1. Got at least one residue in the stretch 363-380 being over 18 Å from Glu321 (Cβ atoms), hydrophobic (A, V, I, L, M, F, W, C) and surrounded by fewer than 20 Cβ atoms within 10 Å (Cβ to Cβ)?
2. Go through the stretch 524-548 and give me each residue that's free of Cβ contacts under 8 Å to residues at least 24 places away in the same chain, part of a strand (DSSP E or B) and more than 14 Å from Phe106 (Cβ to Cβ).
3. With the condition being open to solvent by 40 Å² or more (accessible area, probe 1.4 Å), hydroxyl-bearing (Ser, Thr, Tyr) and under 20 Å from Leu349 (Cβ atoms), I'd like the strands (runs of 3 or more DSSP E) fully within the stretch 382-494 carrying at least 1 qualifying residues.
4. I'd like the full set of residues that are of a type in the set (Gly, Ala, Ser) and either under 22 Å from Leu493 (Cα atoms) or in contact with a helix residue (DSSP H, G or I) (Cβ under 8 Å, 6 or more places away or on another chain) (or both), limited to the stretch 414-437.
5. Exactly one of these conditions fails for Val55: (1) in contact with a Ser or Thr (Cβ under 6 Å, 6 or more places away or on another chain); (2) assigned to a strand (DSSP E or B). Give me its number.
6. Could you check the stretch 179-238 for helices (runs of 4 or more DSSP H) lying wholly inside it with 2 or more residues that are without any contact (Cβ under 8 Å) to a residue 40 or more places away in the chain?
7. Suppose we keep only residues that are at pLDDT 95 or above and touching a His at 6+ places or on another chain (Cβ under 6 Å) within the stretch 437-459. Which one would you say is nearest to Ala413 (Cα to Cα)?
8. Can Ala233 be described as more than 18 Å from the chain's Cα centre (by Cα), open to solvent by 30 Å² or more (accessible area, probe 1.4 Å) and either closer than 28 Å to Ala393 by Cβ or not small (Gly, Ala, Ser) (or both)?
Amino acid sequence: MAGLRLGPLLRYIDDSSATLWVETSRPGTVEVRCADGTAGRAGTFQIAGHHYALVPVTGLTSGTSTPYEVFVDRTRVWPVAEEPFASLPPSVIATPGPDDRLRVAFGSCRWAAPPTGETDPVGPDALDALARRIAASPAGERPDVLLLLGDQVYADETSDATRAWFAARRDLNDPPGSQVADYEEYTHLYDESWLDPQVRWLMSTVPTCMVFDDHDVADDWNTSASWVADMRALPWWRERILSGLMSYWVYQHLGNLSPAEVAADPLYAAVRETPDGTDALRAFAAAADADPTSARWSYRRDFGRVRLVMVDSRAARVLEEGRRSMLDPGEASWLREQVLDGHGSYDHLLIGTSLPWLLPHLVHDVEAWSSVVCRGDKGDRWARFGERLRRAADLEHWPAFPESFDELAELIAETGTGPGAPATVCVLSGDVHHAYVAEPSWPGRAGPDARVVQLTCSPVHNSIPRSLRLGFRFGWSAGARAFGGVFARHGGLGRPAVHWRRTGGPWFGNQLMTLTTQGRSAVLRLECARPGPAGARLRTVSETRLSQ
């Protein structure tokens, strides 16, 4: 009898339809039945011995919240009757209605929480805390969508339990050691992360949008052309990168798409048309690794009058020195089209990118400086030193691609200016293991009419060493800004297209930000996970009105 191995995950949702993702124990037909009589069904598809389904549910009523059940071959597999699930509220599909309020929660960097009862070395999980709050008051406040902005799994930093599981199937003395080696090991990472009972229930009832960052594949993934060349020379790397892209397509990317986009996706059709879609997906991943322009991982979602454009700032890079760009020309054109499409038709623009656009000034200057020395402007010795530093210090955010940094600034200014400009343009990011708000200004010219903010929130659940806290606190200081000028002068750097200042933070801890919009108003709240007698809870650290 087929059972539910993982999920259900509520992914896409609009006012009349939704998609739910599941992994089952064997092939079968998956059906979602809602209490209001709506339903959807889909057969499973197979990848590397695993069976998945993406079930579209149509005919939902706008502005309603309906409980649902999941069946595999007519056997109910969700909700689960055993504890701890039996005491949790029903999973629901809540469609947006005429009320234009939207709550968007977001964060990044979630290392899997240990099993219940074990000591958590990195503190309480913010997603566990969010799940507990919603479960305690099902009719109360909850996010309308949860954005996971990268590092959903850590292929290169595995837990003791995962390393033991790896050791049972291969010798960890052989490369890649305790890191993920293949697709099967990726599936174990998702099991470890998404079978957490609180998180599993949360993701069954709150829609999620996702995008990868480096640790989903490897630390510093696509930092530079020489990094890629070094990795490709390793005998285990090809299997790792193909498995990383394959598993990302299955577990994360597919659910980001609307039902219409899924139906039109030739790869989805190909894997469903054969008893085993592994070869088709592997060929797609190989092509995407060889030519990043052959695949698009970015996507757009409109939530009423709020537009989300989620940008791939990892796989779409141009890495050739002298031509380096965060986005290849096709990706940059796509971003421009999505942002400017129907200008005036949205009140808030959210640009999701795993890597922050605006960083502490010292970090920005060092990253921009590294781009100059690494391309050889200061000679070969400086170029070699710059490359070593770039990898060691993770100098690969937007400022490490100065032209891309300025191009994004200009696109934001254009979008946020003139009749029909949105009330806010928010760049949502994670990665840097602290949270902050930064606001740009455009020197020598009038700024955009929209309020522009960089909103960075990380981690959801990970370590924050004391050295990192001290470093980022210093990075935002006046002294650090002056020190960054030394790098700027040595590199002969021009002034960036914008100036910026920190207007909130830095905050440290396992945390989530929530942006609540209604009409043209927007309010930002930061909450940090704290231990409590009944488990992790979220405590409000800051609340700020961004627009009236």
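1. Filtering the stretch 363-380 for residues over 18 Å from Glu321 (Cβ atoms) gives 363-365.
If we keep only those that are hydrophobic (A, V, I, L, M, F, W, C) too, we end up with 363.
Filter again for surrounded by fewer than 20 Cβ atoms within 10 Å (Cβ to Cβ), leaving none.
No.
2. Arg539, Thr540, Glu543 - these are the residues of the stretch 524-548 that are free of Cβ contacts under 8 Å to residues at least 24 places away in the same chain, part of a strand (DSSP E or B) and more than 14 Å from Phe106 (Cβ to Cβ).
3. Details: elements: 424-429, 435-441, 451-456.
Here the list reads 435-441.
4. Ala421
5. Condition (1) is where Val55 drops out.
6. Details: elements: 183-194, 197-205, 225-232.
The qualifying helices (runs of 4 or more DSSP H) are 225-232.
7. Ser441
8. Numbers: more than 18 Å from the chain's Cα centre (by Cα): yes; open to solvent by 30 Å² or more (accessible area, probe 1.4 Å): yes; either closer than 28 Å to Ala393 by Cβ or not small (Gly, Ala, Ser) (or both): yes.
So Ala233 passes the test.
The values are calculated or read from the model by the stated rules, or taken from the named source; none is laboratory data. Predicted, not measured: the structure shown is a model, and the values here were computed from it. Backbone-built Cβ (ideal geometry, glycine too); neighbour counts: all protein chains shown. Each accessible area value is taken on the protein alone, full model and side chains, heavy atoms only, with ligands, DNA and RNA left out. Shrake-Rupley method; radii C 1.70, N 1.55, O 1.52, S 1.80 Å.
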